[in-house]
1. If B:ASP114 meets every condition in (1) under 15 Å from the mean Cα position of the chain (by Cα); (2) within 13 Å of another protein chain (Cβ to nearest Cβ) apart from one, which number is that one?
2. Might you check whether a residue that is part of a strand (DSSP E or B), in contact with a strand residue (DSSP E or B) (Cβ under 6 Å, 6 or more places away or on another chain) and in the same structural domain as A:GLN297 (by TED's automatic domain parsing) occurs anywhere in the stretch A:247-255?
3. So which residues in the stretch A:220-260 are without any contact (Cβ under 8 Å) to a residue 40 or more places away in the chain and open to solvent by less than 60 Å² (accessible area, probe 1.4 Å), if there are any at all?
4. Find all pairs meeting these conditions: Cβ atoms under 8 angstrom apart; at least six residues apart or on different chains; first residue within the stretch A:269-295 and on the phi > 0 side of the Ramachandran plot; second residue among the basic types (Lys, Arg).
5. Given the residues B:VAL150, B:VAL104, which is the only one that is in contact with a helix residue (DSSP H, G or I) (Cβ under 6 Å, 6 or more places away or on another chain), more than 12 Å from chain A (Cβ to nearest Cβ), crowded, with 24+ Cβ neighbours inside 10 Å and part of a helix (DSSP H, G or I)?
6. Yes or no: B:TYR11 within 14 Å of another protein chain (Cβ to nearest Cβ), closer than 27 Å to B:ALA153 by Cα and in contact with a strand residue (DSSP E or B) (Cβ under 8 Å, 6 or more places away or on another chain)?
7. Could you go through the stretch B:126-137 and let me know if any residue there is within 13 Å of chain A (Cβ to nearest Cβ), of a type outside the set (Asp, Glu) and without any contact (Cβ under 8 Å) to a residue 24 or more places away in the chain.
8. Identify all residues within the stretch A:40-59 that are polar (S, T, N, Q) and open to solvent by less than 40 Å² (accessible area, probe 1.4 Å); write none if there are none.
Amino acid sequence: MRFLDYIRSAFKNLSRQKSRTFLTVSAITVGSLSVILMVSLLTGIRTSLMDLLISMDAFSLVTVTPDPDALEGGGGGLITSGNGGPLSSDAKKLDDAALATLRALPNVVDATPIGSGIWMEAMRLENETKKMWPSLIAYEPETKVFQMPIQTGRKLTSLDMDKIVVGSRFLKTYGYTDHPQDILGKKVVFIMKMGGSAPDWGELPEKPPTNADKEWWDAQNDKERLITAEIIGVAENSAFDDNQNYINIAWAQRLMTQVRWEWDDSARKACEEQSQRERRPVDCASQNTLTLMKDDQYTKNGYGSIILKADNPDNLKTISAAVAAKGYGVSTAEDMVEEMNKVFLGIGTVLGIIGGIALFVAAIGIINTMVMATYERIREIGVMRACGATRATIRHLFTFEAAMLGFWGGVFGLLLSILIGKIGTKIVDRYATDIPIPIDQIAQFPWWLVTGVLAFTTLIGVLSGLYPAVRAARLNPVDALRYE
Amino acid sequence: MIELKNVSKVYELGGEKIYALNRVNLTIADGDFLAITGPSGSGKSTLANIIGGLDTPDSGDVTVDDQSLAEAHDRALSHYRNKMVGFVFQNFNLQPNYTALENVMVPLTFAKMDLADRKKRATECLKIVGLGDRMKHRPGELSGGQRQRVCIARALANNPKMIIADEPTGNLDTKKSAEIVSILKDLNRKLGVTIIVITHDPRVAGEAKKKLTITDGKIR
């Protein structure tokens, strides 16, 4: 028999028992559906993450963090926050000296300090009531580290102080998506609550009166300090980081510098000593003076992280090793991708097992259907043998039928999952514009997935058909013809 | 020429050996029309199956045109059945979901013939048995006699050397039986096909050129 004859015959025989064929195929459909959806979802998310990293030129960047241990076991993002927090004893300070050293490493083209997590309650557009979760990244804008694409307005310079480049989420939140140029020149208000102290920008904190009590300090705690920044540009960022807003690190350093009044009792003590020495009672209490204290976080604790740009992505490993040798923590996009792959492998394994069980059950369905078919067609097998069919021909006939069940299961699984992907994208698009997932790629169906699924379900069919086919081929033709 | 030498076939039934065929020697010349009769269980069907290559003897040898069947393996035997033998069954054994034409095409498919050639040849065969106007009918839409004629057309498809008909008229009335026998006689006379008919019906046996009777696995 020829290949086409097998297919024709399989088709004809399967259409004899339409409902049974339908049920068997739907079991395979459900099994393959779960496998396809999981793979396409994972690829979709993975691809967009990779796109993001590539668009950020992340594969030529090395992130240096103060703590060599903190990143072990993963969790470090490309742009790590974390400043001012307690550092472990192994941590090394990422100050300007460190920046200079790192910048001088071989293969490093440039370096920028990164500051994030600036003390802030919330931020909003001036004259608007809707507040946004603060998300600020401070960096040295005139380095070659980031190619920050700007969709409208201009980029930051190292002289910009109270200027901000907002992310595209900002446009969405305040309804400027269709006319982003109109947001330029508007002000962003940072709402800060710092108790009795203030950042080294804008008004000084109120001097505490000599009789400052708890009530006065409580009032200070509730006091909102408003810092304004002029919007000079809108970043062209991807859906993952569209909530990020950017400022110059020099300004961030001012904002991160805590200014407060402190009592200076040296004059009073001098006065008291003098009065004791001279045995002359003097009221020294009024000699207390207030001194303005400045506490520069970046100088004291160092920057949150430093990002280095390599001359060539191939040199990332060399740079990482050099940085690690100096006792800093180090992470690259490759580390991130590795972490990502580990997570995806975990999720994939769990979903794979679920899909595998579904397909296994479906395979048993095929075996059942085919065993039934061989029983029903014993006489027919006898006739075919009498007409010149070899054992191999009979075996192939039944194997083709089983393979076809698997194949159609794969086809319907694919069609259904593409449909579900489309519907899912529509729903997510309509109701969840704020979640940070790139929606246009929520499920992907690359050619290797399509062919892989069809090959896999067909293979399942072939394997399930093996036993019934061999059974059918083994039948003695004389007994088969006599079978009632 | 078909030759059987000392052919035996033994079945075991409850520990007792039963000879379906016991040292049978038989020669059938090309173009013969042979009727085999005998009581039920005498071994006539076994004889026919062995000649047709569906069954193999336990001892002895069968040669067809000097080629031995006894030692042949599945592939060779299947090829032999496909090219040299046409089977006609008492209960027709047609595919219920196939049309008459498709049923006749079955042995041609196993012969790896082109689809167009298959259709052409199957049409010819149906015309030979007088069913040129029933080609698109399924077995359920045909009478018993017509079904048996489809079965003969299928047996004829690959231009076989012989047609083996096991009780071809067992399920038919007298008139239809006569029709089938006359078709077989025609094939024998016009195409020179060797016909081996197993039958209980003395009228069918009476039409054959030769007749032999089997009892207890032996030719009398």
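The values are calculated or read from the model by the stated rules, or taken from the named source; none is laboratory data. Note that the structure is a prediction, hence the values are computed from the model and not measured. Positions of Cβ are backbone-derived with ideal geometry, glycine not excepted, and every protein chain shown enters the neighbour counts. Heads up: the accessible areas ignore ligands, DNA and RNA and are worked out on the full protein's heavy atoms, side chains in. Shrake-Rupley method; radii C 1.70, N 1.55, O 1.52, S 1.80 Å.
1. Here B:ASP114 meets the rest and fails (1).
2. Checking the stretch A:247-255: at least one residue is part of a strand (DSSP E or B), in contact with a strand residue (DSSP E or B) (Cβ under 6 Å, 6 or more places away or on another chain) and in the same structural domain as A:GLN297 (by TED's automatic domain parsing).
3. Once the filter is applied, which keeps residues that are without any contact (Cβ under 8 Å) to a residue 40 or more places away in the chain and open to solvent by less than 60 Å² (accessible area, probe 1.4 Å), the stretch A:220-260 yields A:GLN220, A:ARG225.
4. Pairs found: none.
5. The unique qualifying residue is B:VAL150.
6. Answer is no for this residue.
7. No, the stretch B:126-137 contains no residue that is within 13 Å of chain A (Cβ to nearest Cβ), of a type outside the set (Asp, Glu) and without any contact (Cβ under 8 Å) to a residue 24 or more places away in the chain.
8. If the condition is that a residue be polar (S, T, N, Q) and open to solvent by less than 40 Å² (accessible area, probe 1.4 Å), then A:SER40, A:THR43, A:SER48 are the ones that fit.
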